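Notes for the one structure printed next.
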Amino acid sequence: MIIGEYSQKISEKNRTAFPGKFREELGSKLVITKGYEGCLVIMSPAQWEEMVSDNVSGPFVSELIRDTRRFLLGGASEIDLDPQGRFVIPAYLKTYSGLIEEAVYVGLGTWVELWSRENWDEKRKDVESRSSVIGEKLSKTNG
């Protein structure tokens, strides 16, 4: 299972290292795309295929489907990790996510989110401050 939080520097050439623990789970060929709330999402090609078939299928005539495809698929890129686990963050994804000097990788079970340090600190504080409310809403949804 993909869990934990890891920080890595971003080089002047937009290169960063994917955490070794996550490489063990996901491999060295990955898909990176825009995520919600300004993060990036990284997953294996198999997980990518599953996510796309589960969440982006539907009729071409649906504007919601087209916009979701534009956001997720249009924003996606395949990445190959080098022997040290490094990859170059595509410029358009770096701009979207606000990544500058420090990247924060967050393992969320089956995928990894990649955040700028500033955006992650803000999001983490928000989630932590609402954790009991979120838990309450989930218990009502699932119960």
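None of the figures in this text is laboratory data; all of them are computed from the coordinates on show. Owing to the predicted nature of the structure, the values given are computational and were not obtained by experimental measurement. Every residue, glycine among them, receives a Cβ derived from its backbone with ideal geometry; neighbour counts consider all protein chains shown.
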Charge sum, other residues only, whose C-beta stays under 9 Å from residue 103's C-beta, Lys/Arg counted +1 and Asp/Glu -1: 0
log₁₀ of I(q)/I(0) at q = 0.11, 0.12 Å⁻¹ - the chain, Debye sum with one point per alpha carbon: -0.45, -0.53
Check: C-alpha center region 11-26 vs C-alpha center region 70-143, spacing in Å is 14
So who's got an amide H within less than 5 Å of the one on residue 35, skipping anything under 5 residues away but keeping other chains? H placed 1.01 Å off N, in plane. 40, 41
Long-range amide H partners of residue 79, meaning residues 5 or more apart or on another chain whose placed amide H is closer than 5 Å, are 30, 31, 32
Could you work out [θ]222 nm for the chain from helices alone, using -39500 (n - 2.57) per DSSP H run of at least four and dividing by all its residues? Round to the nearest 500 deg cm²/dmol. -12500 deg cm²/dmol
Among 33, 16, 95: highest mean-square fluctuation, GNM of the chain, C-alpha pairs under 10 Å: 95
Note, region 17-28: 3J(HN,Hα) by Karplus (6.51, -1.76, 1.60, θ = phi - 60°), whole Hz, Gly/Pro = x, goes 9, 7, x, x, 4, 6, 4, 4, 7, 9, x, 10
Expected vector for region 73-80, Karplus 3J(HN,Hα) from phi with 6.51, -1.76, 1.60 and θ = phi - 60°, integer Hz, x for Gly and Pro, equals 6, x, x, 8, 8, 8, 10, 10
